[in-house]
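What follows draws every value from the coordinates through simple rules; no lab data is involved. This structure is a prediction, so every number in the text was calculated from the model and none was measured. For neighbour counting, all protein chains shown are included, and Cβ atoms are generated from backbone atoms with ideal geometry for every residue, glycine included.
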Amino acid sequence: MTAPTGHRDLALLTAGVAVSTAGDAAALTALLLRLHLDGSGWVSALLAAELVPIVVLSPVVGRLVDRIETLRLLLIALTGQAIVAVPLALVRSPAATVMLFAALGALTALVRPATASLVPAITGTAHTARGYSLIATGVSLGWIVGPAAGGLITAALGTRAALLIDAGTFAVLALACAGLRARRHPRGGLESRTEDSPRSGFRLLWTDQTLRVALSVSALAVGCAVIDNVAAPFRFIDQLGATATGYGLYLTMWGTGALLGAQVLPLAGQHRAETSLAAGNALTGLGIAGIGLAPGLPLALAASVLGGIGNGMCNVGQSALISRRVTPQQTGRAFAASGALIQLAIGAGTACAAPLVHLLQPDGALTAAGALALVTALAALILARRRARAVEPSSIDQAASAVP
């Protein structure tokens, strides 16, 4: 693959991911606004419908990504998402809304590992960090623009319009993918069949010591970070005296930090993926604890930027590390399993958040969660730096280039 082709494909995929992510965020905002009128139970059901398919279907989608030509599979899933989004826009029943949103989540469970597995085929093994950095940048931009756009569209045109626009963004991403020249052709021979068990993806992560430690720490950090989602409105508005505008500024600052953090690993060198992931988890924990400890709004906002930078570093570092630790024929299972692990952590953190906020107050819950993530991540960072010193970057790059 020539460099211009790689640049073109990566730009296409990043633009498509950014548009689709913005559409997803806008649609989620619109659906939450619709279902809150039916009660908090339906809001919880909607959020569960987004999370559960990624966990439950991870063994199936991982095997599909490692069996079928990736771009073809991605186009099928994106077309399915565009089709499902249309009736989702038209139905009014809360039960039907949740069921269709779960179907959308099932297809999302397929799109994410397929997209992550396609990046090395576009960039080559020597430039995966840059590829994942650009994809993470597109996702971050989508999540910055999407919620605000969803609120504005819902207020002006209604929920149905926001969801139909989301269907259009799936079509945009599908068109972007249709224009890609890179291909990933997984091997479907005896080797893949002998490893093709429901738990093969989790086994790939668990049997590799580096991935086992790094992803376990990441899951813990994510579980702690999710507590921020519940505690932050009470912290900023009730304790720090921020207005709704101030709370929105906090979200923007976190998102801006994530954009900055996504650029770190390509600058540091992709052989530092493990170190970058551990450092990102540490910064995320430090940022969350900082929000809890801040005596006033300005320092809390500064801590939000720090946490966002860590978040962005984690997003890129985790993808780059997985792609370097498994063979190209295993990435579908590995990415699907890691996605399921992170979603489980999100579910656990969300379940713990309300009791912690009630018990410790918002500032105490944020401080405790951030401190736990920070201490664990610092231990992982020490291990990562020791391993980085033990293995020269040149030998790592040679090993990566030798992977078939």
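Would you mind ranking ARG212, ARG235, ARG92 so that the residue whose beta carbon has the fewest other beta carbons within 10 Å leads the list? Present the calculation step by step, with values, prior to reporting the outcome.
On the way: ARG212 12, ARG235 24, ARG92 9.
So the ranking, lowest neighbour count to highest, is ARG92, ARG212, ARG235.
Rounded to the nearest 500 deg cm²/dmol, what is the calculated helix-only ellipticity per residue at 222 nm for the chain, with -39500 (n - 2.57) per DSSP H run of length n ≥ 4?
Details: 16 runs with 340 residues, N = 404.
The per-residue figure over the chain is -29000 deg cm²/dmol.
Mean Kyte-Doolittle hydropathy of 0.5 or higher plus an axial Cα length of 24 Å or more: which whole DSSP H helices in the chain meet both? List each step's numbers first, then the result.
Details: long enough: 3-35 (47 Å, 0.89); 70-90 (31 Å, 1.90); 94-123 (43 Å, 1.46); 128-157 (41 Å, 1.12); 159-178 (29 Å, 1.60); 209-233 (38 Å, 1.24); 244-261 (26 Å, 0.73); 273-293 (29 Å, 1.05); 297-325 (41 Å, 0.78); 331-390 (44 Å, 0.99).
Length and hydropathy pass: 3-35, 70-90, 94-123, 128-157, 159-178, 209-233, 244-261, 273-293, 297-325, 331-390.
Gap in Å between the Cα centre of the range 215-282 and the Cα centre of the range 67-97?
Each part's Cα centre sits 30 Å from the other's.
Compute a Gaussian network model of the chain, connecting alpha carbons closer than 10 Å, and tell me which residue from ILE227, ILE237, ILE342 fluctuates the most.
Sorting by GNM fluctuation, first place goes to ILE237.
Using 0.36 nm times the number of residues separating LEU260 and SER44, minus their current alpha carbon distance, what extension gain do you get? Mind dumping the intermediate values first?
On the way: separation 216, 0.36 × 216 = 77.76 nm, distance 3.16 nm.
Between LEU260 and SER44, full extension yields an extra 74.6 nm.
With percent of Cα pairs over 30 Å apart as the read-out, I listed (i) 51; (ii) 39; (iii) 35; which label goes with the value calculated from this structure?
Label (ii) holds the value from this structure.
Compute the FRET efficiency between ALA11 and ALA148 as 1/(1 + (r/R0)^6), taking r as their Cβ-Cβ distance and R0 = 22 Å, and round to the nearest 0.05. Can you show the working numbers first?
Working: r = 25 Å, r/R0 = 1.12.
Between ALA11 and ALA148 the formula returns 0.35.
Arrange the peptides 260-267, 110-117, 174-181 so that the one whose residues have, on average, the most other Cβ atoms within 10 Å appears first. Mind showing how you got there, number by number?
On the way: 260-267: 21.6, 110-117: 25.6, 174-181: 17.4.
Ranking, from highest mean packing down: 110-117, 260-267, 174-181.
Could you work out the relative contact order of the range 195-399, using alpha carbon pairs under 8 angstrom and six or more residues apart, expressed as a whole percent?
On the way: 321 pairs, mean separation 72.4, N = 205.
Reported as a whole number, the value is 35 percent.
At what distance in nm do the modelled label points of ALA96 and ILE382 sit from each other, each positioned 7 Å from its Cα along Cα→Cβ?
Between ALA96 and ILE382, the simple spin-label model gives 5.8 nm.
Is the C-alpha gyration tensor of the range 127-264 telling us rounded, prolate or oblate? Criteria: a/c under 1.5 is rounded; beyond that, a/b larger than b/c is prolate, otherwise oblate.
On the way: a/c = 2.29, a/b = 1.41, b/c = 1.62.
Oblate, because a/c is 1.5 or more while a/b does not exceed b/c.
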